[in-house]
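Written below as structure tokens is the structure these notes are about.
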Amino acid sequence: MYLINFFPSPLIISVVVIIFLLSLSFPECACAEDFSYPDCKSLFECGRLRDIGYPFWGKGRPSYCGHPKFELHCERGEPTIEIKSQKYHVLDIHHETQILKIARFLDLFDGNIVCPESNTTMDCALFRFTSKNQNATLLYDCDPEFLPPQTSELLCMKNGKPEHASFVTDTYLANQLASRCELSVVVPVLLTAAQPLTNHALLTNEVLGQGFEVEWIIDETQCRACVESGGACPHPNATIDPSPMSYTSKVENSTFLFDCWQYEDHPGSYWFTCEMDDLQRPSYFVVNTSLANELGSKCAERVVIPVLGTVAQALLNHSLDVDGLLREGFEVEWEVEEEEECGECVESGGGCG
């Protein structure tokens, strides 16, 4: 049997391979020196916070280096985070225990307490309160004749004006007093701060200023091992090893946004529903990076994948569905320089294995 030599000199194999996205498995953590994520080595810093990595991102640390819902901001040297449309002051972050210490009511710039007018709630899919907290109740516009000595006074700011509220750490007492007041609001406080308040060793605004603790419940086991080994941990996306392969000119990066809060009609996006946890979740397919960043703040998950440009356009024109887009896959070029011995072997009529 003779093998015909089709290899030109210099001996380089260049093959276009179509990869089907449906067969891809997106890892929890893309470890090692991934060429797509050099910026993930850059950690978030603001004020007292230093070396803050995954799942957090922001201020020069790209969004793909963290979870979409864990963006940090730096306002005049003060770190903040937004949870369920409510801004919180970030007091501390402990990566080892995945504990986030936050305060909702501290004015970042003049030290005043902003009057809370609604109960404090967390995104239960991402956070849970720790055992170091207890609930307290703020009561507004109460009949002073019915306020017992167990209540503490809070002077806070409402619409730029000072407001007086009553602060109660006893839940039973708070329930009794609620009917005598115009508004009651439940807020979490640290146990270690509530006890000194009872003993009059702390003021009410100091208790609220110390914040409370929540635990983020994203599994970081693989990511932590990845980072400790010298790698970077981005949010899951499709990647290609650049050493033997490279994308062809027909390929462009596109973004899938999953579990979005609501659907909004945007030109340049394709809306569809995706089944997650047995529920149909609103989702987007977006080609434009700026639009993906705009919509990404309203969605729980973001995945960047390479797709064929012509196929992406067909989806946006509604001449193809998401399943069809994934089945079309994308192209990579495989380039391998043949060793001299292998070239000589092939030229002599042999095979190179």
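The values are calculated or read from the model by the stated rules, or taken from the named source; none is laboratory data. A quick note: this is a predicted structure, and the numbers were derived from the prediction, not measured. All accessible areas refer to the heavy atoms of the entire protein, side chains included, with ligands and DNA or RNA removed. Shrake-Rupley method; radii C 1.70, N 1.55, O 1.52, S 1.80 Å.
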| Separation of segment 143-164 and segment 52-75 by C-alpha centroid, Å? | 37 Å
| said: Accessible area per residue for segment 245-334 in Å², computed with a 1.4 Å probe and the full protein assembly in place, what is it? | reply: 51 Å²
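Normalised by the empirical 2.2 N^0.38 Å for globular proteins, what value does the Cα Rg of segment 245-334 take?
1.08
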| Sorting Trp271, Trp216, Trp261 by accessible area (1.4 Å probe), largest first, what list results? | Trp261, Trp271, Trp216
| said: 5 Å is the cut-off here: which amide hydrogens, built 1.01 Å from N in the peptide plane, fall below it relative to Asp92, excluding neighbours closer than 5 in sequence? | reply: Lys101
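List the pairs from Lys69/Lys101; Lys69/Lys298; Lys132/Lys298; Lys101/Lys132 whose alpha-carbon separation is above 20 Å, in the order I gave them.
Over 20 Å Cα-Cα: Lys132/Lys298.
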| said: Can you give me the % of accessible surface on segment 245-334 that is carbon or sulfur? Probe 1.4 Å, all protein chains present, nothing else counted. | reply: 49 percent
| said: For the full complex of protein chains and a 1.4 angstrom probe, list Glu213, Glu206, Glu82 by accessible area with the highest value first. | reply: Glu82, Glu206, Glu213
